[in-house]
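The values are calculated or read from the model by the stated rules, or taken from the named source; none is laboratory data. What you are looking at is a predicted structure, and each value in this text was computed from that prediction instead of being measured. Positions of Cβ are backbone-derived with ideal geometry, glycine not excepted, and every protein chain shown enters the neighbour counts.
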Amino acid sequence: MFQAQRWSRWAAAAGLLSLLACGGGGGSSPSEPGSMPKTVTVQIVDFAFNPKDVTINPGDTVQWVQASMTPTHTVTAENGMFNSGMIFTKPGATFSQTFNGNGITVQYHCNTHWHTNGMQGAVSVGDGAPKPGPGY
Ligand SMILES: [Cu+2]
């Protein structure tokens, strides 16, 4: 009985490890030979995204991190691709989005400070992505 319990615990841990190992993609991604998907960080500082614009490769993830005390931010895409909701209420709060398109630019804003502070940004994905529009 005791032995079996130990074994199943070990097996569960090993399964978790192999899941994590597979998360890296294992080279099966068709995009950009030799480049692994990466995560790019955009900080929310006071009433602005920093950097405001980022350029990434298809399959990369953008992670927004609240880095100052100003509360009640959102990350809301103009094209409806993502909407964090009001989760940026304290420093350290994060929201992540993976971008699989190619040659696209996704413009986004903070619902709370969009009109008052011009709190906007853009994610350009892949080669040939159009330049962000005015204000982004
Ligand atoms: Cu905001």
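With Gly80, Gly92, Gly34 as the choices, which residue is farther than 27 Å from Asp127 by Cα, modelled with pLDDT of 50 or more and loosely packed, with under 10 Cβ neighbours inside 10 Å? Explain how you work it out, then say what you get.
Details: Gly80 fails: farther than 27 Å from Asp127 by Cα; Gly34 fails: farther than 27 Å from Asp127 by Cα.
One residue alone meets the criteria, Gly92.
Out of region 114-136, which residues are more than 16 Å from the ligand (Cβ to nearest atom) and in contact (Cβ under 8 Å) with a residue 40 or more places away in the chain?
Filtering region 114-136 down to residues more than 16 Å from the ligand (Cβ to nearest atom) leaves 123-134.
Once the filter is applied, which keeps residues that are more than 16 Å from the ligand (Cβ to nearest atom) and in contact (Cβ under 8 Å) with a residue 40 or more places away in the chain, region 114-136 yields Val123, Ser124, Val125, Gly126, Ala129, Pro132.
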### Query
Residues Val54, Val65: which one is more than 16 Å from the ligand (Cβ to nearest atom), within 17 Å of Val40 (Cα to Cα) and at pLDDT 95 or above?
Val54
### Task
Please list, ordered by first then second residue, the pairs with beta carbon atoms under 6 Å, 6 or more apart or interchain, first in region 97-113 and more than 20 Å from Phe47 (Cα to Cα) and more than 15 Å from the ligand (Cβ to nearest atom), second of a type in the set (Val, Ile, Thr) and part of a strand (DSSP E or B).
Gln97/Val62; Thr98/Thr61; Phe99/Val125; Gly101/Val125; Ile104/Val125
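Which is over 13 Å from the mean Cα position of the chain (by Cα) and not in a strand (DSSP E or B), of Met69, Met81?
Numbers: Met81 fails: over 13 Å from the mean Cα position of the chain (by Cα).
The conditions single out Met69.
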### Query
What is the number of the single condition among (1) closer than 18 Å to Asn117 by Cβ; (2) at pLDDT below 95 that Thr74 does not meet?
(2)
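Name the single residue that is farthest from Ser68 (Cα to Cα) among those in region 84-136 being among the aliphatic types (A, V, I, L, M) and part of a loop (DSSP other than H, G, I, E, B). Don't jump to the end; show me each part of the working.
Residues of region 84-136 that are among the aliphatic types (A, V, I, L, M), as a first pass: 86-87, 93, 104, 106, 119, 122-123, 125, 129.
With the extra rule that they be part of a loop (DSSP other than H, G, I, E, B), the set shrinks to 86-87, 93, 119, 129.
On the way: Met86: 15, Ile87: 14, Ala93: 10, Met119: 14, Ala129: 30 Å.
The selected residue is Ala129.
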